[in-house]
Amino acid sequence: MGRLFGTDGVRGVANADLTAELALGLSVAAAHVLMEGSGRSPVDPGWRSGDGREGTFAGHRPVAVVGRDPRASGEFLEAAVVAGLASAGVDVLRVGVLPTPAVAYLTASLDADLGVMLSASHNPMPDNGIKFFARGGHKLADELEDRIERTYRAHASGEPWERPTGAGVGRVKDYDEGFDKYVAHLVGVLPNRLDGLKVVIDAAHGAAAGVSPEAFRRAGADVVTIGADPDGLNINDNCGSTHISGLRAAVLEHGADLGVAHDGDADRCLAVDAAGVEVDGDQILTVLALGMHEAGTLRKDTVVATVMSNLGFKLAMERAGLSLVQTAVGDRYVLENMKANGYALGGEQSGHVIVLDHATTGDGTLTGLMLAARVAATGRPLAELAAAMERLPQVLINVPDVDKSRVATSSELSTAVADAERELGATGRVLLRPSGTEPLVRVMVEAADIEQARTVAGRLADAVKSALG
């Protein structure tokens, strides 16, 4: 059996791979592991008697914040998670449908001991997932995830839980203040207002359908919304950051200054300019990095990105006299590097952008607000700001239905990659990467010429199918 945790929590088809039983068991395991060695115990009702929490509980037990995106399956999975936590002696604040970064923020601001988000992000509606946050709203390190998984598997094999009874069981309450508390935080950290800007928001019929438009309006923008009517079944359905064409059409139709698109849990943001041209995560990072450098808030004049970033981004940073640190793919690895080295800005080409002074994870609404704030502050259109980075031709092909575990060990693939790298020389690069959240291998090729990039990428995709199919 493979590792349950991928690069962003546990994901799978809801009620098939990700069952209520699994969600309940993982929640109990997380409660036990995250309390170990902390002086706090989910089965000791007197561990923190009388410390009190703003608007929450009396402070006698650990507290968890639980949120979800609007997927229909999130309803029963939320019930399972809440039941698991309460049965382990954890008090639960149920915040309802809110973005992943909102759950992280509330975990920190309410001084909760852990947070849980139910979402499969940009994945299609039948999927769902569980993400855990430690105290302070931080994603878990691999070692903590491994401990949770070992604890869960030990219980599944027959090892009994230590269970509280009577007054020791956790209590559950809805925390309706979470929406306003999070929106106020977003608007409060902006360097300037957005008055005079017209912005189209595509919320992907997801977790940001209420939050993002409200935050932009409170910041002064004239807001047009699409993809903001979730019904539990339409999340990410031909909308949001994975289907940018609807946003492009809406921006042109309404004569907007820019548009922003979120994914299902709103931890990412892509944009389009007034002409409907896409502005990807690398370009957004460029705009924010230059603005933060100018304001003196880009610590160590360094940006953190992943190996998937376009070569044009690296060149833009060099021209600006800024340093670039690259990590493995996954915003968690970007965040780990930022925290370890004291950097303020990082992200991914896919639109996960982390502004560490204001968020502990990628925050799509915050990213969109800060991008719009830069447009408002400079009086320059987004197209002009994004032109500070020239995107080199890059082709990405997803190869499904292959054994992604053998990417690093296949001699046939190694030979194919070496041949491609010789052909591209110094003007391009190749990257083969197994997806951390989906059953496929990603083939990325950059080259000075788009046709060469397509040819090489197609040849490598065929090689992946041949070697790993």
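The values are calculated or read from the model by the stated rules, or taken from the named source; none is laboratory data. In this text, all values refer to a predicted model and were calculated from it rather than measured experimentally. Every residue, glycine as well, gets a Cβ built from its backbone with ideal geometry; the counts of neighbours run over all protein chains shown.
Details
- Flag for Arg319 being in contact with a helix residue (DSSP H, G or I) (Cβ under 9 Å, 6 or more places away or on another chain) and among the basic types (Lys, Arg): no
- The condition (being at pLDDT 95 or above, in contact with a Leu (Cβ under 9 Å, 6 or more places away or on another chain), under 25 Å from Asp331 (Cα atoms) and not β-branched (Val, Ile, Thr)) is satisfied by just one residue among Leu371, Leu432: Leu371.
- Residue identified as assigned by TED's automatic domain parsing to the domain that holds Ala221 and under 16 Å from Ser241 (Cβ atoms) among Thr360, Thr378, Thr367: Thr367
- Of all residues making up the stretch 359-389, the number that are within 27 Å of Ala256 (Cα to Cα), surrounded by fewer than 24 Cβ atoms within 10 Å (Cβ to Cβ) and in contact with a His (Cβ under 8 Å, 6 or more places away or on another chain): 0
- Here Tyr152 meets the list (1) touching a residue at least 12 places away in the same chain (Cβ under 8 Å); (2) in the same structural domain as Gly240 (by TED's automatic domain parsing); (3) out of contact with any Pro (no Cβ under 8 Å at 6 or more places or on another chain) almost entirely, failing just condition (2).
- Within the stretch 226-243, if we keep just the residues that are in a loop (DSSP other than H, G, I, E, B) and touching a Leu at 6+ places or on another chain (Cβ under 9 Å), the residue that is farthest from Gly96 (Cα to Cα) turns out to be Cys239.
- Looking only at residues in the stretch 426-458 that are surrounded by fewer than 19 Cβ atoms within 10 Å (Cβ to Cβ) and small (Gly, Ala, Ser), the one that is farthest from the chain's Cα centre (by Cα) is Ala426.
Okay, residues lined up against (1) small (Gly, Ala, Ser); (2) within 30 Å of Val10 (Cβ to Cβ); (3) out of contact with any strand residue (DSSP E or B) (no Cβ under 6 Å at 6 or more places or on another chain):
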| site | (1), (2), (3) |
| --- | --- |
| Ser405 | yes, yes, yes |
| Thr409 | no, yes, yes |
| Glu423 | no, no, yes |
| Thr427 | no, no, yes |
| Gly436 | yes, yes, no |
| Arg442 | no, yes, no |
| Thr455 | no, no, yes |
| Val464 | no, yes, no |
| Ala467 | yes, yes, yes |
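- Test: Gly89 is in a loop (DSSP other than H, G, I, E, B), more than 22 Å from the chain's Cα centre (by Cα) and not β-branched (Val, Ile, Thr): yes
Residue-by-condition table, conditions (1) crowded, with 24+ Cβ neighbours inside 10 Å; (2) modelled with pLDDT under 95:
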position	(1), (2)
Gly55	no, yes
Ala58	no, yes
Val66	yes, no
Ala79	no, no
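- Val251, sole failed condition from (1) surrounded by 23 or more Cβ atoms within 10 Å (Cβ to Cβ); (2) under 22 Å from Asp331 (Cβ atoms); (3) among the β-branched types (Val, Ile, Thr): (2)
- The set of residues from the stretch 304-338 being acidic (Asp, Glu) and free of Cβ contacts under 8 Å to residues at least 24 places away in the same chain comprises just one member, Glu318.
- Residue match in the stretch 136-144 (condition: assigned to a loop (DSSP other than H, G, I, E, B) and at negative phi): yes
- Identity of the residue in the stretch 202-238, of a type in the set (D, E, K, R) and in contact (Cβ under 8 Å) with a residue 60 or more places away in the chain, that ends up farthest from His122 (Cα to Cα): Asp231
- Just one of the listed residues (Leu4, Leu24) is of a type in the set (A, V, I, L, M), part of a loop (DSSP other than H, G, I, E, B) and modelled with pLDDT of 85 or more, namely Leu4.
- Candidate set: the stretch 122-162, residues that are over 23 Å from Val63 (Cβ atoms) and of a type in the set (Asp, Glu); chosen: the one farthest from the chain's Cα centre (by Cα): Glu159
- For His122, the conditions (1) assigned by TED's automatic domain parsing to the domain that holds Leu18; (2) part of a loop (DSSP other than H, G, I, E, B); (3) at pLDDT 95 or above; (4) under 30 Å from Val272 (Cα atoms) all hold with the exception of (3).
- For the stretch 83-109, the candidate set comprises residues that are more than 28 Å from Ala228 (Cβ to Cβ) and not hydrophobic (A, V, I, L, M, F, W, C); within that set, the residue that is surrounded by the fewest Cβ atoms within 10 Å (Cβ to Cβ) is Ser87.
- For the stretch 398-420, a residue qualifies if it is surrounded by 14 or more Cβ atoms within 10 Å (Cβ to Cβ), more than 16 Å from Ser435 (Cβ to Cβ) and not small (Gly, Ala, Ser), and the qualifying residues are Val417, Asp419.
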